Amino acid sequence: MKAEELAKTLDLTLLDSNTTKKQVVEACTQAREHHFAAVCTQPKFIPDMVDALAGADVKSCAVIALPHGDDPQPVKAAAAEAAIAEGVDEIDVVMNVPAMLSGQFIMVRDDLAHLVHGVRSRSVNNGRGDVIIKVIIEAPVLDEKLIRLACKIVDDCGADYAKTCTGIGTEATVHHVEIMRDALSENVGVKASGGIRTLEAAEELVNAGATRVGSSHAISIIEEALAREAAR
């Protein structure tokens, strides 16, 4: 894969609790330089991120309901809608993982459906058009049956992507991506995220079916790709 093509699959993530405004602005500058797909960070940095990416071909993305997705439904939906009102282009939201693990599937579905509907309505009312919604299913803590069910819920609720995991103590694998890609309809993409630190790992996940790859190491990954091209 060419570095230019790889760059448009990469989401540069900044989710560490010690992240600063300066780091977010610097990351946005680097993302613009490399033409990444998006920069993903915490809601408190939305104004800084949106300003830093103004006019760029890089999307701004807020990550909602970290780390387990078990915020009360009104709180979770309000956070997502507030992010849209502040100008983000994309939402990464954690599915209610504890409810999924305890078999409360209707709760999980209703929670997500309510959020998706709210985000869609808010984006239309604000004249924003479509906002991309990526749902983190935390695949590493689910068995294959639950991964497939989680993907069906994501699909049925009208989200745009199912995402492997938060990366907070969890890592994406090729196997997770393959299961998810098989379980989802063609209209829903797969985002791989969690523990992706090298060009080789990123390309393996893309080859398995991921069309987005989230990593805090996106800069070093694209630099590795550019160095490989220069050496040829």
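None of the figures in this text is laboratory data; all of them are computed from the coordinates on show. All values reported here derive from a predicted model rather than from experimental measurement. Reconstructed Cβ throughout: ideal geometry from the backbone, glycine too, with neighbour counts over all protein chains shown.
With each run of n ≥ 4 DSSP H residues scored as -39500 (n - 2.57), what mean residue ellipticity at 222 nm is computed for the chain after dividing by its residue count and rounding to the nearest 500 deg cm²/dmol? Don't skip to the end; give the middle numbers.
On the way: 10 runs with 112 residues, N = 232.
When only DSSP H runs of four or more count, the value is -14500 deg cm²/dmol.
Taking only C-alpha pairs under 8 Å that are 6+ residues apart, what is the relative contact order of the stretch 3-231 in percent? Each step should come with its number before you reach the end.
Values: 440 pairs, mean separation 40.6, N = 229.
The normalised contact order for the stretch 3-231 reaches 18 percent.
Running Debye on the stretch 3-231 with equal point scatterers at the Cα sites and no solvent, what base-10 log of I(q)/I(0) appears at q = 0.10, 0.13, 0.15, 0.16 Å⁻¹?
-0.40, -0.69, -0.94, -1.07
At q = 0.19 Å⁻¹, what log₁₀ I(q)/I(0) does the stretch 41-89 have when each alpha carbon counts as one equal point scatterer in the Debye sum?
-0.59
List, in the order given, every pair from Lys145/Lys191; Lys44/Lys134; Lys8/Lys163; Lys8/Lys152 whose Cα-Cα distance in the structure shown is over 21 Å. Spell out each step's value before the answer.
Values: Lys145/Lys191 19 Å; Lys44/Lys134 19 Å; Lys8/Lys163 17 Å; Lys8/Lys152 26 Å.
Distance filter (> 21 Å) returns Lys8/Lys152.
Checking a compactness column here: for the stretch 1-66, what do you get for Rg(Cα) / (2.2 N^0.38 Å), N being the number of residues? Walk me through the numbers before you get to the answer.
Details: Rg = 11.4 Å, N = 66, 2.2 N^0.38 = 10.8 Å.
Ratio of Cα Rg to 2.2 N^0.38 Å: 1.05.
What number, in percent, do you get for the relative contact order of the stretch 110-225 if the mean sequence gap of Cα pairs under 8 Å and at least 6 apart is divided by its residue count?
Relative contact order of the stretch 110-225: 21 percent.
Using unit Cβ charges (K, R positive; D, E negative) and no other charged atoms, how large, in debye to the nearest 20, is the dipole of the chain about its Cα centre?
Details: 23 positive and 35 negative charges, 52 e Å.
Once rounded to the nearest 20, the dipole reads 260 debye.
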